[in-house]
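First comes the structure, then the notes that go with it.
The values are calculated or read from the model by the stated rules, or taken from the named source; none is laboratory data. Here the structure is a predicted model, which is why all the values come from computation and not from measurement. Positions of Cβ are backbone-derived with ideal geometry, glycine not excepted, and every protein chain shown enters the neighbour counts. Keep in mind that these areas ignore ligands, DNA and RNA; they rest on the heavy atoms of the full protein, side chains included. Shrake-Rupley method; radii C 1.70, N 1.55, O 1.52, S 1.80 Å.
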Amino acid sequence: MREELQKIENETLAAVQSAESIKALEELKVRFLGKKGVLTLILKKMGGLSPEERPVIGKLANETRFKIESAIAAKSFELEKAALNQSLIAEKIDVTMPGKPFKLGKKHPLSKVLDEVKEIFLGMGYSIAEGPEIETDYYNFESLNIPRNHPARDIQDTFYIDENVVLRTQTSPVQMRYMQSNKPPIRIIAPGRVYRSDNVDATHSPLFHQIEGLVVDTGIRMSDLKGSLETFAKRLYGGEAQVRFRPHHFPFTEPSCEMDVMCFSCHGEGCRLCKGEGWIEILGAGMVHPAVLENGGVDSEKYSGFAFGIGLERITMRRYNLDDMRLLFENDVRFLEQF
Ligand code: PHE
């Protein structure tokens, strides 16, 4: 039996050494050490041995079992380590591979131009004010000297919420709110959305943006208005930009005017962009009406001021030579990506 045990040991150890997988090792374990395994069968035959020989062979058999078990354990550790190394190599991440691209958002052209306008006026010592988009009839019209029968108050032009509440049709009510809660000297711009009941076309939208301006102090004159607004135009469009002032009428300013910039495309000749005019209107302005100053709690004997309202869509369209305002509201990324 000694020889038999030795033979089993040699064969098994050799088989363990050449096993190529954990699964093969499991099979070997069953084949030699399992219930019906080769070694178990030998131990069963020990009953036929002499009492002297039995413990000797028993000890030998246990040693053989131990050697085989250790060899299997060592081999399976080795195989597991090899498998781990294999997967580390196979699953290695290549950090030099290009990443997945993702889209970066951009500022809307209206926001870009508004930011520039704010910079220009902040640089001239203005601060920025705000007012509500849902406004009372009093602030939107009455306090600004716009009488009951004025065409601007027509329901054709104005979105009424009820008899006394409207979506503001202009940013001018911010003038009044600001004067009522701040003392002169005043130097503000107030950008924001305004609403008029217009149909959408290339130059109209029921929602658009204005930038209101208000300056109130002692000794403010029309020449201050002209100088400030011309400076603004040159900062926005470049030093070669030309402006002109035309008389106009607004109920809340006296005298009133509109400011045009010379068309960049035709330089005053008249073209498609400026509809043959040679000039493009970008804002309304004027000296604040004494009645409006008084409504704002400002002494019109002591103080004077000027106000203006810039159309943000207008100046943005001129800035980027756009011929259709709808482009600014459709949110087509192919268009917006260009800025
Ligand atoms: N509120 C006027 C408009 O909407 C613009 C304006 C503002 C004119 C301030 C004069 C002074 O047309």
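How large is the Kirkwood hydrodynamic radius of the range 11-154, counting all unique pairs of alpha carbons, in Å?
In the range 11-154 this quantity evaluates to 24.9 Å.
Could you tell me what percent of the accessible area of the chain is made up of carbon and sulfur, with a 1.4 Å probe and every protein chain present?
Whole-percent figure for carbon plus sulfur exposure: 53.
Assigning unit charges at the beta carbon (Lys, Arg +1; Asp, Glu -1) and nothing else, what dipole magnitude in debye, to the nearest 20, does the chain show about its Cα centre?
Roughly 1940 debye for the chain.
Using the heavy atoms of the protein chains alone and a 1.4 angstrom probe, what is the accessible area of the range 109-336 per residue in square angstrom?
48
Give me the net charge of Leu79's neighbourhood, meaning all other residues with Cβ under 14 Å from the Cβ of Leu79; Lys, Arg count +1, Asp, Glu -1.
-1
With only alpha-carbon pairs counted, each pair once and no self-pairs, how large is the Kirkwood hydrodynamic radius of the chain in angstroms?
Radius from the Kirkwood sum: 27.1 Å.
For Ala202 and Ser265, what does the FRET efficiency come to when R0 = 22 Å and r is the distance between their Cβ atoms, rounded to the nearest 0.05?
So the FRET efficiency works out to roughly 0.85.
If I model a spin label at Ile42 and Thr96 as a point 7 Å from the Cα along the Cα→Cβ vector, what separation in nanometres do I get?
5.7
Need one number: nm distance between label points at Arg246 and Lys7, each 7 Å from Cα along Cα→Cβ, rounded to one decimal.
In this crude spin-label approximation the distance works out to 11.9 nm.
Report, in deg cm²/dmol and to the nearest 500, the calculated mean residue ellipticity at 222 nm for the chain, where each DSSP H run with n ≥ 4 adds -39500 (n - 2.57) and the sum is divided by the residue count.
One gets -12500 deg cm²/dmol as the mean residue ellipticity at 222 nm.
Check the cysteines of the chain one by one and keep only those with no other cysteine Cβ under 4.7 Å from their own.
Cys257, each lacking another Cys Cβ under 4.7 Å.
What share of all Cα pairs of the range 194-244, in percent, falls into each consecutive 5 Å distance bin?
The distribution over the range 194-244 is 4, 15, 17, 14, 15, 19, 12, 4, 1, given as percents.
Mind checking the full-extension length gain between Glu52 and Gln156? Use 0.36 nm per residue of separation minus the Cα-Cα distance, one decimal, nm.
Gain on stretching Glu52 to Gln156: 25.2 nm.
What FRET efficiency, computed as 1/(1 + (r/R0)^6) with R0 = 25 Å and r the Cβ-Cβ distance, is obtained for Lys35 and Glu78, rounded to the nearest 0.05?
The formula returns an efficiency of 0.40 here.
For the chain, modelled as a GNM with alpha-carbon contacts under 10 angstrom, which of Val113, Val56, Val261 fluctuates the most?
Among Val113, Val56, Val261, the largest GNM mean-square fluctuation belongs to Val56.
How many percent of Cα pairs in the range 2-90 exceed 20 Å?
41
At a 10 angstrom cut-off on C-beta neighbours, averaged per residue, how do the peptides 291-299, 80-88 rank from highest to lowest?
Highest to lowest by the protection proxy: 291-299, 80-88.
Between Arg314, Arg326, Arg31, find the one with the highest GNM mean-square fluctuation for the chain; connect C-alpha pairs within less than 10 Å.
For the chain, modelled as a Gaussian network with Cα springs under 10 Å, the answer is Arg31.
Grab the other residues whose beta carbon is less than 10 angstrom from that of Asp260, score K and R as +1, D and E as -1, and report the net.
Computed value for this residue: -1.
Only bridges with both residues in the chain count here: give the DSSP antiparallel percent, nearest 5.
95
Cα axis of helix 222-237 to longest principal axis of the chain: angle in degrees, 0 to 90, nearest 10?
30
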